[in-house]
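Colleague: Pasting a structure below so you can have a look.
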Amino acid sequence: MSATTENTTAARTSLPLEPPAGTRRLNTAKALQEAIGSQMEQDPSVFVMGEDVGAYGGIFSSTTGLLEKFGPERIIDTPISESAFIGLGIGAAVEGMRPIVELMFVDFFGVCMDQIYNHMAKIHYESGGNVRVPMVLMTAVGGGYSDGAQHSQALWGTFAHLPGMKVVIPSNPYDAKGLMTAAIRSDDPVVYMFHKGVMGLAWMAKNKRSIGAVPEEDYEVPLGKAKVVREGTDVSIVTLSLSVHHSLDVAEKLADEGISVEVLDLRSLVPLDRETIIATASKTGKVIVVDEDYQSFGLSGEIAATIAEHSPTLLTHFSRVCMPDTPIPYAQELEYAVLPTATRIEAAVRKAVAA
Amino acid sequence: MTTETTEAAMALSAEQRQGLLRQMILIRTFEEAILREYHADKGPGFDIGKGLIPGEMHLAAGQEPVAAGICAHLEQGDGLTAAHRPHHLAIAKGMNLRSLTGEIFGRESGLGRGRGGHMHLFDPSIHFSCSGIVAEGFPPALGQAFAFRNAGTNNIAVTVAGEGAANAGAFHESLNLAALWKLPVIFVIEDNDWGISVPRSSSTSVPSNAVRAAGYGIPGVRIEGNDVEAVYAAAAEAVARARAGEGPSLIEVHTLRLLGHFEGDAQGYRTDLATVPGEDPIPVYRQKLLDAGAVTEAEVAAMEDEARAQVEDAVEHAKNSPTPNPAEALKYVFVEGASS
Ligand SMILES: Cc1ncc(C[n+]2csc(CCOP(=O)(O)OP(=O)(O)O)c2C)c(N)n1
């Protein structure tokens, strides 16, 4: 990140500054593990539960090394019984523990959604505020490596649509640690979605931003604060997760041609930082939403509505680069035709600038 | 294993035994070819998204006896639902190798025209389907059985998944409903000791899923030993029962996962790797038939040659098949704006 970005961000959102390049660098997975480990050390009520979170260390390395540190009483492998163990997390949370439960791929939510949206998300309300569910449900999202229609979805819009749970989605190591720390400390249920493509895993194509500087001490990135990750004046890209990386790549490339792109990383869908969305829309008057989730009835429509409700005449351009409404195809040629790739983003920016 | 099933196994003709061996050799040859092609282009290092076959790959090396032993009793019109590790079952059920391979390679010539992938194989001609979501193949098998009975055929449905899957709600709901409605379904559990990194002892409260069958009032057997003839015999009984309208049964086979959960799995969680986890069932069976005089070395060699020729034909065909047209990514979606 450039110095300009850091300064502006600090001014806008009062977030702790990212350490300068050259200090300790971690990939996103390590940053996540560090947040969990640190909170577990400080709070004996925190534990991790899920499929293959123990000796395997999490299929996407979300829990690597934690079993060795905390033992099988607190890093707990479960049977393939998502309704039971997610429900168990809810019950434990209700009784004062702070579970971090992993649903291996978000695509599997179908087998356990009742526990999630009818229980985890509704208990606080139904109890008239008397019962809290301080639980983190963490899950892997996203495609791009031909894992097919049942293992590649983003689906954050689904969770954000259903009331009662916070939904946070980091794009980089610094945010991953700070958001996880805040999620664990939150008294509300938090769905924490990490894109496989931002984790910085050895066995997946890596974007350079999946490894970055991360402070050793604990810090929170507040849930519900978006971040301008790149300043620009011509057009705003409102996005999150892996698409932030693609958008920054495009913005850097187009800067050479004198096109100035502002990139907003939402970081959290619930709560949604509508203020910062309106601020960037007001600044450039042109907004592109880049979303790896399905287009219809989702995040992009919500962003458009947010801006229109603020002022129907604010924008001179609005467009979206989303996953079209199709199951995610397996074959690479087809998958890359529907993913919000840098190519599609670049085309959208050029069109917006020309409009 | 009951005494009768052992006797039924004893009664296998040399030709039937050769059939079982041939089937297992074909499956293994196929999986070895997929293994080779999968890793051919993944380097340097290992990038799961790279190569001619990107994505997750779950191979069934070691589990051939289940596929061969069960499917030997199935007709084309019988249903089979599989899970995320489906190739051995698909082949034994009679899936066209070119269509299967085409799909694994993500080609237009594949079963799903490259839309599905290796965990999502749908072949209506042999009533075959599979699911990447664990245990979710159990309920549709009930529906197949329901439809067959409704149509007045004596076709049956078989549904196969791992011992890990047997801890999911869908399994238990399906057993109950099938038992309640006496549906012609056979539940087959492939117990390879592991659900990814979780051993059976940490996932399952009972030593055998056969015990669980009793809880739903249906017969359940557990077969130790990964022996194709024992599977064959147990399946004979269950299939006869289902076809006769006597309802569902469960067969659990204690089988063997020779490879990692998926390709790229370093299996760091396994402590039994140094000591061989079990014997490869194919050479064992081959030797058994040779010793019994049920097959000759030359006949086995001929089976291997034949399998190689078939498999390499399928692989070549897939490689030479066109990749799907990106402009048609929205084809087959029935939503507004999509052409069909
Ligand atoms: C509902 C659901 N939960 C988790 C997974 C992830 N997953 C895929 S395979 C697997 C283990 C399956 O073990 P088992 O059923 O024993 O079959 P095996 O892989 O050993 O053949 C898991 C946990 C999934 N695909 N679906």
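The values are calculated or read from the model by the stated rules, or taken from the named source; none is laboratory data. Being a predicted model, the structure only gives us computed values, none of them experimental. Every residue, glycine among them, receives a Cβ derived from its backbone with ideal geometry; neighbour counts consider all protein chains shown. Quick note on the areas: whole protein, heavy atoms, side chains included, nothing else; ligands and nucleic acids left out. Shrake-Rupley method; radii C 1.70, N 1.55, O 1.52, S 1.80 Å.
Colleague: Within the stretch B:171-193, can you find the residues that are surrounded by fewer than 22 Cβ atoms within 10 Å (Cβ to Cβ) and under 29 Å from A:G58 (Cα atoms)? Don't jump to the end; show me each part of the working.
Modeller: Taking the stretch B:171-193 as the starting set, the residues that turn out to be surrounded by fewer than 22 Cβ atoms within 10 Å (Cβ to Cβ) are B:172-173, B:176-177, B:179-182, B:193.
Once the filter is applied, which keeps residues that are surrounded by fewer than 22 Cβ atoms within 10 Å (Cβ to Cβ) and under 29 Å from A:G58 (Cα atoms), the stretch B:171-193 yields B:H172, B:E173, B:D193.
Colleague: Would you mind finding the one in B:I133, B:I189 that is within 12 Å of the ligand (Cβ to nearest atom) and assigned to a strand (DSSP E or B)?
Modeller: B:I189
Colleague: Which strands (runs of 3 or more DSSP E) does the stretch A:172-282 wholly contain that include 3 or more residues that are under 30 Å from A:G96 (Cβ atoms) and assigned by TED's automatic domain parsing to the domain that holds A:M40?
Modeller: Values: elements: A:190-195, A:211-213, A:227-230, A:235-239, A:261-265, A:268-270.
Output list reads A:190-195.
Colleague: Let me ask you something else. Which of the residues that make up the stretch A:299-346 are aliphatic (A, V, I, L, M) and within 14 Å of chain B (Cβ to nearest Cβ)? Quick ask: steps written out before the conclusion?
Modeller: Just the residues of the stretch A:299-346 that are aliphatic (A, V, I, L, M), to begin with: A:299, A:303-305, A:307-308, A:314-315, A:321, A:323, A:328, A:331, A:334, A:337-339, A:342, A:345.
Once the filter is applied, which keeps residues that are aliphatic (A, V, I, L, M) and within 14 Å of chain B (Cβ to nearest Cβ), the stretch A:299-346 yields A:M323, A:I328, A:A331, A:L334, A:A337, A:V338, A:L339.
Colleague: For a quick check of your reading of the model, give me the residue pairs whose first member lies in the stretch B:250-264 and is under 30 Å from B:A179 (Cα atoms), whose second is more than 12 Å from the ligand (Cβ to nearest atom) and modelled with pLDDT under 95, with beta-carbon atoms closer than 6 Å and at least 6 apart or on different chains.
Modeller: Matching pairs, first to second residue: B:L256/B:G278.
Colleague: Six or more apart or on different chains, Cβ under 7 Å: which pairs go from a residue in the stretch A:66-94 that's of a type in the set (V, I, T) and in a helix (DSSP H, G or I) to one that's away from the ligand (no atom under 16 Å from the Cβ) and open to solvent by 50 Å² or more (accessible area, probe 1.4 Å)? Could you list them?
Modeller: Filtered contacts from the stretch A:66-94: A:I90/A:H119.
Colleague: For the stretch B:203-222, which positions are in a helix (DSSP H, G or I) and either away from the ligand (no atom under 12 Å from the Cβ) or in contact with a His (Cβ under 6 Å, 6 or more places away or on another chain) (or both)? Walk me through how you get there before you give the answer.
Modeller: Of the stretch B:203-222, the ones in a helix (DSSP H, G or I) are B:203, B:209-215.
Once the filter is applied, which keeps residues that are in a helix (DSSP H, G or I) and either away from the ligand (no atom under 12 Å from the Cβ) or in contact with a His (Cβ under 6 Å, 6 or more places away or on another chain) (or both), the stretch B:203-222 yields B:A210, B:V211, B:R212, B:A213, B:A214, B:G215.
Colleague: Mind counting the residues in the stretch A:57-82 that are within 23 Å of the chain's Cα centre (by Cα) and within 16 Å of the ligand (Cβ to nearest atom)?
Modeller: Qualifying residue count for the region: 8.
Colleague: Something else: Every residue in the stretch B:308-327 that is facing another protein chain (nearest Cβ under 8 Å) and out of contact with any Asp or Glu (no Cβ under 9 Å at 6 or more places or on another chain), please.
Modeller: First pass over the stretch B:308-327, keeping only residues facing another protein chain (nearest Cβ under 8 Å): B:323-327.
Listed by number, the list holds a single entry, B:A327.
Colleague: Can you find a residue in the stretch B:42-59 that is away from every other protein chain (no Cβ under 14 Å) and not in a loop (DSSP other than H, G, I, E, B)?
Modeller: No, every residue in the stretch B:42-59 fails to be away from every other protein chain (no Cβ under 14 Å) and not in a loop (DSSP other than H, G, I, E, B).
Colleague: Give me a count of the residues in the stretch A:83-112 that are within 15 Å of the ligand (Cβ to nearest atom) and surrounded by 20 or more Cβ atoms within 10 Å (Cβ to Cβ). Reasoning before the result, please.
Modeller: Initial filter on the stretch A:83-112 (within 15 Å of the ligand (Cβ to nearest atom)): A:83-87, A:101-112.
Next, from what is left, pick out any that are surrounded by 20 or more Cβ atoms within 10 Å (Cβ to Cβ): A:85-86, A:101-109, A:111-112.
So the count comes out to 13.
Colleague: Here is a check on your reading of the model: is A:I116 within 16 Å of the ligand (Cβ to nearest atom), closer than 21 Å to A:S186 by Cβ and assigned by TED's automatic domain parsing to the domain that holds A:Q150?
Modeller: Judged against the criteria, A:I116 is a match.
Colleague: Mind listing whichever residues of the stretch B:320-332 are open to solvent by 70 Å² or more (accessible area, probe 1.4 Å) and within 29 Å of the chain's Cα centre (by Cα)?
Modeller: Those that are open to solvent by 70 Å² or more (accessible area, probe 1.4 Å) and within 29 Å of the chain's Cα centre (by Cα): B:N320, B:P322, B:Y332.
Colleague: Here's a follow-up. Restricting to the stretch A:265-284, what's the tally of residues that are open to solvent by 10 Å² or more (accessible area, probe 1.4 Å) and more than 18 Å from the chain's Cα centre (by Cα)?
Modeller: 6
Colleague: May I pose another question? Quick one: which of B:F148, B:F138, B:F122 is more than 10 Å from every other protein chain (Cβ to nearest Cβ) and open to solvent by 30 Å² or more (accessible area, probe 1.4 Å)?
Modeller: Exactly one of B:F148, B:F138, B:F122 is more than 10 Å from every other protein chain (Cβ to nearest Cβ) and open to solvent by 30 Å² or more (accessible area, probe 1.4 Å), namely B:F122.
Colleague: Here's another thing I want to ask about it. Take the residues of the stretch B:49-60 that are open to solvent by 10 Å² or more (accessible area, probe 1.4 Å) and touching a residue at least 60 places away in the same chain (Cβ under 8 Å): which is farthest from the ligand (Cβ to nearest atom)?
Modeller: Taking the candidates together, the pick is B:L52.
Colleague: Here's another thing I want to ask about it. Checking the structure you have, find out if any residue of the stretch A:101-115 is charged (D, E, K, R), more than 12 Å from chain B (Cβ to nearest Cβ) and more than 30 Å from A:Y336 (Cα to Cα). Talk me through it step by step, then tell me what you get.
Modeller: Of the stretch A:101-115, the ones charged (D, E, K, R) are A:102, A:107, A:114.
This time we only want the ones that are more than 12 Å from chain B (Cβ to nearest Cβ), so: A:102.
With the extra rule that they be more than 30 Å from A:Y336 (Cα to Cα), the set shrinks to none.
Among the residues of the stretch A:101-115, not one is charged (D, E, K, R), more than 12 Å from chain B (Cβ to nearest Cβ) and more than 30 Å from A:Y336 (Cα to Cα), which makes the answer no.
Colleague: Examine the stretch A:258-268 for a residue that is in contact (Cβ under 8 Å) with a residue 60 or more places away in the chain, over 21 Å from A:K351 (Cα atoms) and within 14 Å of chain B (Cβ to nearest Cβ), and state whether such a residue exists.
Modeller: No.
Colleague: If you take the residues of the stretch B:160-183 that are hydrophobic (A, V, I, L, M, F, W, C) and within 10 Å of the ligand (Cβ to nearest atom), which of them is farthest from the other protein chains (Cβ to nearest Cβ)?
Modeller: Across the stretch B:160-183, the extreme among qualifying residues is B:V160.
Here is a yes/no grid of residues against (1) more than 14 Å from chain B (Cβ to nearest Cβ); (2) in contact with a Pro (Cβ under 8 Å, 6 or more places away or on another chain); (3) of a type outside the set (S, T, N, Q); (4) buried (at least 24 other Cβ atoms within 10 Å of the Cβ):
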position: A:D147; (1), (2), (3), (4): no, no, yes, yes
position: A:L155; (1), (2), (3), (4): no, no, yes, no
position: A:P163; (1), (2), (3), (4): yes, no, yes, no
position: A:H195; (1), (2), (3), (4): no, no, yes, yes
position: A:G212; (1), (2), (3), (4): yes, yes, yes, no
position: A:E216; (1), (2), (3), (4): yes, no, yes, no
position: A:L223; (1), (2), (3), (4): yes, yes, yes, no
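Colleague: Which of the following residues is in the same structural domain as A:R209 (by TED's automatic domain parsing), free of Cβ contacts under 8 Å to residues at least 60 places away in the same chain and not in a helix (DSSP H, G or I): A:G164, A:G144, A:G148?
Modeller: After ruling out the rest, the residue left standing is A:G164.
Colleague: Something else about it: Which number in (1) within 11 Å of chain B (Cβ to nearest Cβ); (2) open to solvent by less than 50 Å² (accessible area, probe 1.4 Å) marks the one condition that A:A352 misses?
Modeller: For A:A352, the failing item is (1).
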